[in-house]
Amino acid sequence: MIETVSLVDQYCHGVLRTELGLATFEAQLGGTARAPAPAPGTTFFDTQTGFAVRRWCPPLLGLEPHCPPARYLARRRELGVLETGRRLLRSTGISTYLVDTGLPGDLTGPAEIAATGAAEAHEIVRLEPLAERVADVSGGAGTFLAGLAESVHVAADSAVAFSSVAGARAGLAVSPEPPGAGEVRGAAGRWLAGRRAGGPLTDPVLLRHLLWTAIGSGLPLQLHAGGGFDTYPPDGHADPGALTGFAAATAGLGTDLVLLNGYPHHRHAAHLTSVFPHVYADLGPVLARTGAGAASVLAEILELAPFGKLLFSSGARGLPELHVVGAQVFREALERVLGGWVGDGAWALRDAQRVAGMIAAGNAHRLYGLPDAS
Amino acid sequence: MIETVSLVDQYCHGVLRTELGLATFEAQLGGTARAPAPAPGTTFFDTQTGFAVRRWCPPLLGLEPHCPPARYLARRRELGVLETGRRLLRSTGISTYLVDTGLPGDLTGPAEIAATGAAEAHEIVRLEPLAERVADVSGGAGTFLAGLAESVHVAADSAVAFSSVAGARAGLAVSPEPPGAGEVRGAAGRWLAGRRAGGPLTDPVLLRHLLWTAIGSGLPLQLHAGGGFDTYPPDGHADPGALTGFAAATAGLGTDLVLLNGYPHHRHAAHLTSVFPHVYADLGPVLARTGAGAASVLAEILELAPFGKLLFSSGARGLPELHVVGAQVFREALERVLGGWVGDGAWALRDAQRVAGMIAAGNAHRLYGLPDAS
Amino acid sequence: MIETVSLVDQYCHGVLRTELGLATFEAQLGGTARAPAPAPGTTFFDTQTGFAVRRWCPPLLGLEPHCPPARYLARRRELGVLETGRRLLRSTGISTYLVDTGLPGDLTGPAEIAATGAAEAHEIVRLEPLAERVADVSGGAGTFLAGLAESVHVAADSAVAFSSVAGARAGLAVSPEPPGAGEVRGAAGRWLAGRRAGGPLTDPVLLRHLLWTAIGSGLPLQLHAGGGFDTYPPDGHADPGALTGFAAATAGLGTDLVLLNGYPHHRHAAHLTSVFPHVYADLGPVLARTGAGAASVLAEILELAPFGKLLFSSGARGLPELHVVGAQVFREALERVLGGWVGDGAWALRDAQRVAGMIAAGNAHRLYGLPDAS
């Protein structure tokens, strides 16, 4: 009843290029930097993500749903990583991928995802690795800061958005104002002096300076804002309500903010989208990671968020299975929630179909200025 | 199955007196002081509140449910603001309105709502505007504080409750103890010296003094305690758990507290009602603003709150459509949640009907000492 | 469809030995140290717990479900407290009770529960009362600290786990590192000097020292971590996210942590189990206290927690009725949630049955090293 002809995946990463064994595949399902392996006696297959992969993916490779993981992996190797990727990505109904290229590891980039998935793809530039690459080739604070400004400016020409993990590195309660020039120069000098090549940017002043540099570009800025996985704030407080001050300070400047990874604070993220015209919220991993429970989570996000402020994504990385799960779980949750409300008489069918199209693709087209595919 | 013959709307405001165009009407659906207009490319009609208005109100004016907003507004103007108000309010089943008169703007007062709605109405006095009016006519700290005490005392004679937005102005983590007399006098002197007529009360010491003055009156005290709309705390932390200290300090003094606007922290608000005998929770905007999703929210509030501690309200302001939505969404959510539990055998039908009556009206009758309408 | 042949109740207390009148029985349903009696005009029977007791227990004593409380109490007295306890506990399907013996009051211990319930029982030792008993017989800081180390060591030989209410006494944001020896000795000296026999341990340094002493034992450590009832943190902030630092500091040491009482932050607790291999979460009062609403709460916990990290408990204390409710509510919620997902095709039936067995008993058997009952 609620159809979404094509999807814009507004936040995802590339997939691994190599053939995968069972352990590597499993680690991609639930591993984090903190917990790369499951607890003794448990497996990451015994999660909503694991069950969702086993539900949706085996049929795409000619197997029964819910078949044992070892059987699925054997079939995956039989087909090869390229053919598997092609079959999986082309099943998703995703017509445009926005790809955050800022993760380490040998992942496919936008062009390769586009080719494999027979779709469009655009780049999202993650700010912190960009700054770290600039630092790798900078002599001192002055050249670093000039290089940073130049790099953000150049990236803004080709990227569709910037993303940031500043919240995960220095906490979500970002001081609302941009740091002063002297403060930034001092922080840059100290950081560069103590840094080895490749060292991560964790200085709060520089992280904040980076956010404000991106704000100046006018591109939408995606903020990892919640209890996600590898991007959990060090103090454990992941409530995006802490971003209220930053949102207030950036209102009316012409740059939109997109809150990523709100779970389990997705209602707070949704609430912020109702308070600030320039704040949007991503549905991605919030739904993809909760699998069979995703319809309830989607319904919660739809309680307060204006329907024009929500954006589908898969949040996938590493495995094309996760792009499949993101798309399928989203579609099914949308059908269940919106279809249910139509069945109750609470929503008109025409409105439900319109809202489904907005969340699936229309809002992203408007926000990122994407060419209309239809 | 679960019938609620009459409702006490324990927290609402009046309605606008003038004919409304589409933009003004839309702003009333979702606008806030921070975001009076929707984001470009979006509309406040595309929200749960907008869809709920389009569901319930057109039939009351002789139109199809879910008809386009422009059609509904045209019909509204055809009938006139008075006749529209009469038709809408008289459909709600609300027999008593408790009206917070502390909002600015040309809104109808309790007597006018009672006449339009063929119901009873009583006044809730908001503390901060009361203090600001006293300050407008006070020469210095001494006359201000004496005038304040007198005004609260007089208001307590005619009002059924006090309300406060102290949490939204100075954060929810209210220091539990009343400020000392010298501290209050000093704060009053400084505030009055720097104030122009009409200036808002934001001094934390005076806000706290005001709360304790109201506590002394014995009338129930309604606290805006959550993520609501225009009453969001400046630090973004809206968890009513922050009120734990204030609740502990006021326990046993004979004054009851009513937590308003708990969403998305409504479970925390419900939890506080289970911990403190003198703490109650309002259901109002929590349900009215979540529309088709309200049944899930109601079920969550009913997880931990003693059933004698919950109070229906519409939380409406500006549009009689919002009183309609508040009442209808509440009734439907109650039927769905309590009726479902009866169907499962979890609750007895007689108990469910009794609890419905308590939340709809009985608890408010007891708490506010209202004459029994039945 | 989803059967759980036997349950391990991984966290509960004993039951009262005396015949109970209506008021005493009612206080056990909802009373807390802060609110031993309900608000005027209300009763603790009008709660989810009260309704769940009235649903499940009367038939076990030969009465109709949902019969009036007075009738149930009369029948209870007619049978006597021993026969009532036998009938109730033996109906639960609980084959092993893990009993926290650290509550005051005349409650039955593990051996007596085992005999009454025809089951196995093991002891959980609560750390703070253990330390207080040591303090009662210690002359000074040196003997106290030596006695404490010895007592924890001895307890670890017979207990299956330690439990702690440090979060409720000093806040959840436990400083992650163990306190230094000098700091501990100083705190012990000050505390003992100002203490009367039986006085509670509330010193933050000693509470932290106690946690790290237990960590050294290798036994699982159960932490009261949420908005529970008598164990609510003094600042009202019960988000187990605050335990992130402690969890990070204890990772890889060989001691597992079990988060108790997560509600209403159960999603955060579940999230922590997905981030840290050594962190587990309890379902107990989270489900038992939410009664008819428990299925939704269980579904939320299952969104992100790996299925190997969740543990059934009743969290019961005082009344065997609460053990019954804990078990019945859990079973019904499991059937509804997992059965629903199987019905939707989201989960395979075989997987659902396997996960049910893990949460009901298997995970507890593995974590606590219990002999396999089957």
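The values are calculated or read from the model by the stated rules, or taken from the named source; none is laboratory data. Not measured: the values here are computed from a predicted model. Every residue, glycine among them, receives a Cβ derived from its backbone with ideal geometry; neighbour counts consider all protein chains shown. What goes into the accessible areas is simple: the full protein's heavy atoms, side chains included, and nothing from ligands, DNA or RNA. Shrake-Rupley method; radii C 1.70, N 1.55, O 1.52, S 1.80 Å.
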Query raised in the report: What FRET efficiency, computed as 1/(1 + (r/R0)^6) with R0 = 35 Å and r the Cβ-Cβ distance, is obtained for A:Thr32 and C:Ala193, rounded to the nearest 0.05?
Result: 0.15
Query raised in the report: Using a Gaussian network model of chain C with C-alpha springs under 10 Å, which one of C:Thr84, C:Thr273, C:Thr43 is most mobile by mean-square fluctuation?
Result: C:Thr43
Query - Axis-nearest residue of B (beta carbon) for the B-onto-A rotation, whole Å - result: B:Ser296, 4
Query - Average beta-carbon neighbours from other chains, 10 Å sphere, peptide A:242-251 - result: 2
Query - Alpha-carbon centroids, the range C:270-332 and the range C:1-21: separation in whole Å - result: 14 Å
Query raised in the report: For B:Glu120, which sequence-distant residues (separation of 5 or more, or a different chain) have an amide H within less than 5 Å of its own amide H, given hydrogens modelled in the peptide plane?
Result: B:Thr96, B:Tyr97
**Report entry** Helix-derived mean residue ellipticity, 222 nm - over the protein assembly as shown, DSSP H n ≥ 4, -39500 (n - 2.57), to 500
**Finding:** -14500 deg cm²/dmol
Query raised in the report: Could you give, in nm with one decimal, how far B:Gly180 is from each other copy of that position, shortest first, with labels 7 Å out from Cα toward Cβ?
Result: 3.6, 3.6
**Report entry** Positive-pole candidate from B:Leu148, B:Val99, B:Gln28, dipole of the range B:23-174, charges at beta carbon
**Finding:** B:Gln28
Query - Inter-copy separations for C:Ala193, label at 7 Å along Cα-Cβ, nm, ascending - result: 4.4, 4.4
Report summary line: So the carbon and sulfur contribution to the accessible area of the range C:7-368, 1.4 Å probe, in percent, is 56 percent
Query raised in the report: Placing +1 at every Lys and Arg Cβ and -1 at every Asp and Glu Cβ, with all other atoms neutral, what dipole size does the range B:7-368 have around its Cα centre, in debye to the nearest 20?
Result: 400 debye
Report task. Over both sides of the A-B contact, add up the buried accessible area with a 1.4 Å probe and give it to the nearest 100 Å². Result -> 2800 Å²
Query - Rh (Kirkwood; distinct C-alpha pairs) - the range A:7-368, Å - result: 21.0 Å
Query - Efficiency of FRET between C:Glu64 and A:Glu83 - r from beta-carbon atoms, R0 56 angstrom, step 0.05 - result: 0.30
Query raised in the report: With chain B treated as a Gaussian network of Cα nodes joined by springs under 10 Å, which of B:Thr255, B:Thr202, B:Thr18 yields the largest mean-square fluctuation?
Result: B:Thr18
Report summary line: Longest chain A segment clear of GluC sites (Glu not before Pro) sitting in DSSP loops (not H, G, I, E or B) with at most 14 other Cβ atoms within 10 Å runs A:20-374
Query raised in the report: How many Cβ atoms of partner chains, on average, are near each residue of B:358-369 if near means within 10 Å of its Cβ?
Result: 1
Report task. Would you work out the relative contact order for chain C, in percent, from Cα pairs under 8 angstrom that are 6 or more residues apart? Result -> 21 percent
Report summary line: Nearest-0.05 FRET efficiency for A:Leu349 and A:Leu103 at R0 = 41 Å, using Cβ-Cβ distance, is 0.50
Query raised in the report: What accessible area per residue comes out for the protein assembly as shown, rounded to a whole number of Å², with a 1.4 Å probe?
Result: 33 Å²
Query - Beta bridges by DSSP in the range C:7-368, antiparallel share as percent, to the nearest 5 - result: 5 percent
Requested in this report: Taking every Cα atom in the range B:136-192, find the radius of gyration and the maximum pairwise distance Dmax, and write them in Å.
Outcome: 13.0, 32
**Report entry** Computed log₁₀ I(q)/I(0) - Debye formula, equal Cα scatterers, no solvent, the protein assembly as shown, q 0.04, 0.08 Å⁻¹
**Finding:** -0.21, -0.89
Requested in this report: Measure nothing but the geometry: give the 0 to 90° angle between the long axis through the Cα atoms of B:181-193 and the longest principal axis through the Cα atoms of chain B, rounded to 10°.
Outcome: 80 degrees
Report task. Give me the angle, in degrees from 0 to 90, between the Cα long axis of helix C:127-136 and the longest principal axis of the Cα atoms of chain C, rounded to the nearest 10. Result -> 50 degrees
Query raised in the report: What share of the DSSP beta bridges in the protein assembly as shown is antiparallel, in percent to the nearest 5?
Result: 5 percent
Requested in this report: Provide an ascending nm list, one decimal, of label-point separations from A:Glu78 to the equivalent residue in each further copy; define each label point as 7 Å from Cα along Cα→Cβ.
Outcome: 6.7, 6.7
Query raised in the report: Tell me, how many Å apart are the Cα centres for the range C:42-56 and for the range B:32-84?
Result: 42 Å
Query raised in the report: Using a simple spin-label model with points 7 Å from Cα along the Cα→Cβ vector, what separation in nm is obtained for B:Thr202 and C:His153?
Result: 6.1 nm
Report task. Using θ = phi - 60° and the Karplus relation 6.51 cos²θ - 1.76 cosθ + 1.60, list the HN-Hα couplings for the range C:4-13 in order, rounded to whole Hz, with x at every Gly or Pro. Result -> 10, 4, 9, 10, 9, 7, 7, 7, 8, 10
Requested in this report: Could you work out the relative contact order of the range A:237-350, using alpha carbon pairs under 8 angstrom and six or more residues apart, expressed as a whole percent?
Outcome: 22 percent
Report summary line: In degrees rounded to 10, the 0-90 angle between helix A:81-90 Cα long axis and the longest Cα principal axis of chain A is 80 degrees
Query - Label-zone membership for the range C:65-83, site C:Glu19, 7 angstrom Cα→C-beta point, backbone N under 12 Å - result: C:74-82
Report summary line: Semi-axes (Å, rounded, descending) of the ellipsoid equivalent to the range B:183-223 per its C-alpha gyration tensor are 22, 12, 7
**Report entry** At 1.567 mPa s and 4 °C, Stokes diffusion of the range B:281-351 via Kirkwood alpha-carbon radius, µm² per second
**Finding:** 104 µm²/s
